[in-house]
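Taking it in order: structure first as structure tokens, then the write-up.
Rule-based calculations on the coordinates, nothing more; no lab input. Quick caveat, the model's predicted, so the values are computed rather than measured. As a convention, Cβ positions derive from the backbone with ideal geometry for all residues, glycine included, and neighbour counts pool all protein chains shown.
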Amino acid sequence: MTGVHPAWLPRDVDDSIVLTRDPDCGLGEEGYTIARAGGVTTVVAAGEPGLMYGAFHALRLREDCPAATHRPAKARRVMQHWDNVFVHPVMGQVERGYSGGSVFWEDGALTADLDRVSDYARLLAATGINLVSVNNVNVHAGEARLLTDRLGEVAALAGRFRQYHIRVLLSVSFASPVTLGGLGTADPCDPAVREWWAAAARRVYAVIPDFGGFVVKADSEGQPGPFAYGRTHADGANALAAALAPFGGDVYWRAFVYNHRQDWRDRSTDRARAAFDHFSPLDGQFADNVILQVKHGPIDFQPREPVSPVLLGMAATRLAVEFQATQEYTGQQRHVCYLPPMWSAVLSAVADRVDAVVTVSNVGEDPYWTGHPLAQANLYAAGRLAWDPALDPIALLDEWIRLTFPDAAAGVLHALMDSSWAVYESYTAPLGVGFMVKPGHHYGPDVDGYEYSPWGTYHFADRDGVGVDRTVATGTGFCGQYPPPWSARYESLETCPDELLLFFHHVPYSHVLHSGTTVIQHIYDIHFAGAAAVTEMRRRWDALPPALVGEGLHARVGELLAEQERSAVEWRDQINTYFFRKSGVPDALGRRIH
Ligand code: GCU
């Protein structure tokens, strides 16, 4: 280690790592060259961020290797928190948080433990993340004030993150000019409103010169937005963007806009269509520093969804893809569910089209950071995939296992995790149908829980069949939002992949899948197989010597696997029983259905 001793320097760096600054190396701010020979690793970079990323890379390396150059595929690699400052009566300290309280906020105040924030910053930097938002996209009244009189607390967090070259973002309320500024309107075209946002931005940059920008959830699930003033989302986003532009900040404007007060009887409205219907007419109208942040699927982070057509269709708009590491619909960090194979499949379609990769964090004050210790792998891979979307998600899993556990435990961990998403999917909602979770908290099965609700998430199961007809020919027309070849592929029963069949089509239970089995028999088979796979996971973990991974961690994962097994059996029995009662078709193998 020569010459530099900055705060980010990994504690475990010694003389076997040589960091060299070369301002003329031409690798940009964050790029670096790394080589390892004779046990010594050499990193060359133009400046501190590159040296830092190179140093973390050096810690990952075991084998000697020739010189290679690394540069991030995306300049914006974002982790977003849904953390409330005040404990929310329904959502708690962290909305959809499954890892205890917030790392940033505690019961209305900034955390007293800023050193843990530094540890978190280090952890994120080691994965490649360089932007973090510190509060929930649902901005309640108290949290809105982070933009004004509580800005000092955001600055304190920014100070910790800055040491690891991470810039801070703030979720803001679109109604701030009214609720905080006392104006009579938040109309984005009103000059006084625009000046209010400009002044707010000036105050932010006076104390956080490297501030990253705003995250905005507008006209979505009750949050205020431009529709109230007859303005478009381009008008709204551009007003905030104009305030940030002089300082180099961005607006992350969420595309998660849909009617959450739908009448379930109304078959003409399709929630899957909403984002594209709202935003595609605005393509080309957003300011340069607006990034339209789009959930990876058209509905809401279900275990299986097709890629959002917004990500395939808005060529004249800067886009971000949004993933959810916090396992709202995928087992709530009580179930093992390694999600990067899902994310990687999305990225293979959209990586070239997006400017930013955003992940909703799964971190809290839990000693293991993520509640379920194995959920750390999702956090780790989220950063690594944002840096390089082409990385193999299973190789990343092995990388995380190797960095976290002794080699002797690696085989069991790999076997438990590599297909855990597929296992989770197999005992929950079948064939891409989605939303069979308990309403509200979204844990565990309730097949009709959302069927007659206003949320627009229906499966339409009856005695003859199941699924949503989203075809152009006979359904909601959602398939037509895709460009070729996706549109034709999803429209046709012949080419629609089995795993998305019920997302795009309503079919009889007797419909024969590409796999050769009927829909109803598939539902039975996959649910029996999924629950059995969890039993096998638990058995393998229980057979692992606790001392190998640490007694505390072994016990925690063991307890969670027991809960996952209980829950998987519950899912299996409710889903199988429901469809047996609806269809009257017995299981061909005569297994027990209640
Ligand atoms: C889901 C989730 C909410 C969240 C919302 C969002 O609907 O259940 O808690 O606020 O997504 O992404 O804005």
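Summary table below
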| quantity | calculated |
| --- | --- |
| The chain: relative contact order as a whole-number percent, Cα under 8 Å and 6+ apart | 11 percent |
| Reach of K217 by Cα under 26 Å, taken over lysines that are not fewer than 8 positions away in the same chain | K74, K295, K438 |
| Enclosed volume per residue, in Å³, of the convex hull spanned by Cα atoms of the range 473-594 | 161 Å³ |
| Globularity index of the chain, i.e. its alpha-carbon radius of gyration over 2.2 N^0.38 Å | 0.98 |
| The range 76-404: Rg to Rh, with Rh as the Kirkwood radius over Cα pairs | 0.94 |
| Using distinct alpha-carbon pairs, which all enter the 1/r mean, Kirkwood radius of the range 313-410 in Å | 14.2 Å |
| Peptides 505-513, 105-113, 417-425 ordered by average Cβ neighbours within 10 Å, highest first | 417-425, 505-513, 105-113 |
| Debye intensity ratio in log₁₀ form over the Cα atoms of the range 158-303, taken at each q of 0.19, 0.20 Å⁻¹ | -1.15, -1.23 |
| Span from the the range 324-360 Cα centroid across to the the range 258-282 one, whole angstrom | 23 Å |
| Translational D in µm²/s for the range 53-97 (Stokes-Einstein at 25 °C, 0.890 mPa s, Kirkwood Rh from C-alpha pairs) | 169 µm²/s |
| Ellipticity estimate at 222 nm from DSSP helix runs (n ≥ 4, -39,500 (n - 2.57)) divided over the chain, nearest 500 | -11000 deg cm²/dmol |
| Antiparallel content of DSSP bridges confined to the range 76-404, in %, to 5 | 10 percent |
| Contour minus Cα-Cα distance for A156 and A7 (0.36 nm per residue) | 52.0 nm |
| Modelled FRET efficiency - R0 22 Å, A141 with R202, Cβ distances, 0.05 increments | 0.40 |
| Listed peptides 357-365, 202-210 by packing density, highest first (mean Cβ within 10 Å) | 357-365, 202-210 |
| The range 17-70: equivalent-ellipsoid semi-axes (sqrt of 5 x gyration tensor eigenvalues, Cα, Å) | 18, 10, 9 |
